[in-house]
1. For segment 204-215, name all the residues that are touching a residue at least 24 places away in the same chain (Cβ under 8 Å) and either crowded, with 21+ Cβ neighbours inside 10 Å or part of a helix (DSSP H, G or I) (or both).
2. What is the residue count in segment 116-170 for residues that are outside any helix (DSSP H, G or I), surrounded by fewer than 20 Cβ atoms within 10 Å (Cβ to Cβ) and either touching a strand residue (DSSP E or B) at 6+ places or on another chain (Cβ under 8 Å) or modelled with pLDDT of 75 or more (or both)?
3. Could you please tell me which pairs satisfy a Cβ distance under 9 Å, a separation of 6+ or placement on different chains, a first residue in segment 145-167 that is without any contact (Cβ under 8 Å) to a residue 40 or more places away in the chain, and a second residue that is buried (at least 23 other Cβ atoms within 10 Å of the Cβ) and assigned to a helix (DSSP H, G or I)?
4. With the condition kept exactly as written, say whether any residue in segment 175-185 is outside any helix (DSSP H, G or I) and more than 20 Å from residue 44 (Cβ to Cβ).
């Protein structure tokens, strides 16, 4: 159990670091270049992990679910990185987390699953959490930056929620190969969009380290989460990993000097608590 907790905590820290690095990189380079290069790093890392560590293979169905997850994840990352680069980190990141937790839960309910009381309570906390996160000195209706943070954060969460729902359909014996398919589909989607839109995926050399770090942290977090979920209770893993907005917001406060209003801080706490409760499966 100790190793499970350690891996889960590492996963949360890495996800938070990946989001911050990706958002910071998007301030200096186009979102297409950040996605293309960071996901390429993630693909290389996933391939290395599959060939050096993980044995076994994945079926065509597993790879198809992985590819579908990659498309959803691409939209989620694009929205989140844009939000973190142009809006308020302390608003966008927690909203993305709580929305990303609610989406799989609702899909499960539609498929006939019956979440426990704690999961419903967690979803109930999402409403006041989002309201508090959307609060500001001038109010959400008068603050375009705040409104944009809420919308992009919710869009990112929807993409991440669909990613988790799709990747969960893969079989346990498929190892990390669905993550390889996810990264490959993300890269293909970004390159196709760049080709048809005529936009470049080149990034400045000065920004390259931050982009590479975002891709390295993101895939490392995925690997840590997967290993943790297979060595201990998924409930514990999901709850600890759901704290990933904490490092993102903390880094934004320390590095970017982003202000944290009291009501917004309460909203962050409620959002993290809501995500943790939603992650607890029914008994």
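1. Selection gives 206, 207, 208, 210, 211, 212, 213, 214, 215.
2. Number satisfying all stated conditions: 3.
3. 151/79; 151/83
4. As a first pass, look at segment 175-185 and keep what is outside any helix (DSSP H, G or I): 175-176.
Now narrow it down to the ones that are more than 20 Å from residue 44 (Cβ to Cβ): none.
No - not one qualifying residue is present in segment 175-185.
For (1) under 16 Å from the mean Cα position of the chain (by Cα); (2) modelled with pLDDT of 90 or more; (3) part of a helix (DSSP H, G or I); (4) within 29 Å of residue 270 (Cβ to Cβ), each residue gets a yes or a no:
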position: 18; (1), (2), (3), (4): yes, yes, yes, yes
position: 36; (1), (2), (3), (4): no, yes, yes, no
position: 42; (1), (2), (3), (4): yes, yes, yes, no
position: 49; (1), (2), (3), (4): no, no, yes, no
position: 54; (1), (2), (3), (4): no, no, no, no
position: 72; (1), (2), (3), (4): yes, yes, yes, yes
position: 76; (1), (2), (3), (4): yes, yes, yes, yes
position: 98; (1), (2), (3), (4): yes, no, yes, yes
position: 107; (1), (2), (3), (4): no, no, yes, yes
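The values are calculated or read from the model by the stated rules, or taken from the named source; none is laboratory data. In this text the structure is predicted, and so the values were computed from the model without any measurement. No Cβ is skipped: glycine too gets one built from the backbone with ideal geometry, and neighbour counts run over all protein chains shown.
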